[in-house]
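So the structure is just underneath, and the comments pick up after that.
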Amino acid sequence: MSPRNLKKAQYEQSIFRAFLDAYPSIAARVRTVSQPDDDFPDVVTMQMDGLSVQWELGEWLQPDQTAIAKKRERLKADIEETLGDQGINFTEHILFCLLSLQQQVSRFDKRDGDTLCTEIMRLIQDVDTRWSHSQFWWSLQGYLCRTFDGYPTLQKYMATIHFEPRVRQGEKQYWADYIPWICLEEQGGAYTPQVALDELINRLKRKNEHYGTFGESDIRLVIHYNHAVLYNTPFIGIMGSNVYRTFEDVAILAAKCLEEIVIPFKRVYLLNAPGREVFEIYPKLGRCD
């Protein structure tokens, strides 16, 4: 066994606290919670009846999506830091600007910082000057800039910049001075929930295949959904005749999957950490409360 990483241990503690918060009836049966020096199990509890339970935690994350999302998160943070304090928006026609990044860009070269800021402000001034003579920009949609001729740094990083009109249906709109008015768009778009669901099934199979029999030891598995909220496409959606709208729908799917697998764990749970929901999915299916 390898020694436990401190940062990982702290994260495991937070997840197990979320598990106990979501499952108060089992929390009431726990006397103490500890972590061994080795990396297995993740948590050990001493129960009120004097018996020991060992807990293995596994996170439901799609690794490829997570790696890409974390790079985009760093890229977005670097550009927001570069934009810094934007000051008050003194333009006549622009309420705010929404920057959409190129999909293929994965990192920001901080040597481009000053040039990027200069080009953004120059483009904003140019658009504001031309607004009066561009009748189509006076619509509710404003102006979506898709080409950046003469702005090489913007062209390097930006897919589009949306200029929201200050005047909508004849009424002037106002933007709070303390809110940045040059913003980066959050990533989104179409997705299929099958990606998330496939990863859950694969995670369950890998965890069960990794371990042999535990004999009579009370060792339990908690698969938790947490960082996936930030870094992965959602699990909710409609796929053919199957509908997955709630975490309970996913728990039912996971329980059916485990019917076909040899399970070394005494019990298996599925935890929605942000939503504070827990379902037992093996040996029986049920909501935990």
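Given their separation in residues at 0.36 nm each and the Cα-Cα distance between them, D85 and D218 gain 42.3 nm when the chain is fully extended. Sorting T147, T115, T233 by the number of Cβ atoms found within 10 Å of their own Cβ, with the fewest placed first, yields T147, T115, T233. Screening the chain for whole DSSP H helices with an alpha carbon extent of at least 20 angstrom along the helix axis and a mean Kyte-Doolittle hydropathy of at least -1.0 yields 6-22, 113-130.
Can you tell which of H93, H210, H162 shows the greatest fluctuation in a Gaussian network model of the chain with Cα springs below 10 Å? Among H93, H210, H162, the largest mean-square fluctuation in the Gaussian network model of the chain belongs to H210. Pick from F90, F19, F40: which residue has the top mean-square fluctuation in a GNM of the chain where Cα pairs under 10 Å get a spring? Among F90, F19, F40, the largest mean-square fluctuation in the Gaussian network model of the chain belongs to F90. Checked against a 24 Å cut-off, the cross-linked pairs K71/K205; K207/K266; K8/K284; K76/K205; K110/K156 give Cα-Cα distances beyond that limit for K71/K205; K8/K284; K76/K205. Reducing the range 70-98 and the range 246-289 to their Cα centroids gives an inter-centroid distance of 42 Å. Looking at the chain alone, DSSP beta bridges between its own residues are antiparallel in about 70 percent of cases. Ellipsoid semi-axes for the range 71-184, based on the Cα gyration tensor and the rule √(5λ), read 25, 15, 12 Å when sorted largest first.
Extending 7 Å from Cα along the Cβ direction at E73 and again at T129 yields two label points whose distance is 4.1 nm. When the chymotrypsin sites (Phe, Trp or Tyr not before Pro) in the range 97-182 are filtered for DSSP coil states and for at most 13 other beta-carbon atoms within 10 Å of their beta-carbon, the remaining sites are Y174, Y178. In terms of other Cβ atoms within 10 Å, L57, L83 run from fewest to most in the order L83, L57.
As a proxy for reagent exposure, K7, K70 were ordered by neighbouring Cβ count within 10 angstrom, fewest first; the result is K7, K70. Taking 0.36 nm per residue of separation and subtracting the current Cα-Cα distance, fully stretching the chain between V44 and Y178 would add 43.5 nm. Backbone amide hydrogens, once placed in the peptide plane, bring T160 within less than 5 Å of S100, excluding anything fewer than 5 places away on its chain. Taking 0.36 nm per residue of separation and subtracting the current Cα-Cα distance, fully stretching the chain between D109 and R245 would add 44.9 nm. Distant-in-sequence amide contacts of I94, defined by a placed amide H-H separation under 5 Å and a gap of 5 or more residues or a different chain, comprise R166.
Read-outs throughout are calculated quantities, based only on the coordinates presented, and are distinct from any laboratory measurement. Being a predicted model, the structure only gives us computed values, none of them experimental. Backbone-built Cβ (ideal geometry, glycine too); neighbour counts: all protein chains shown.
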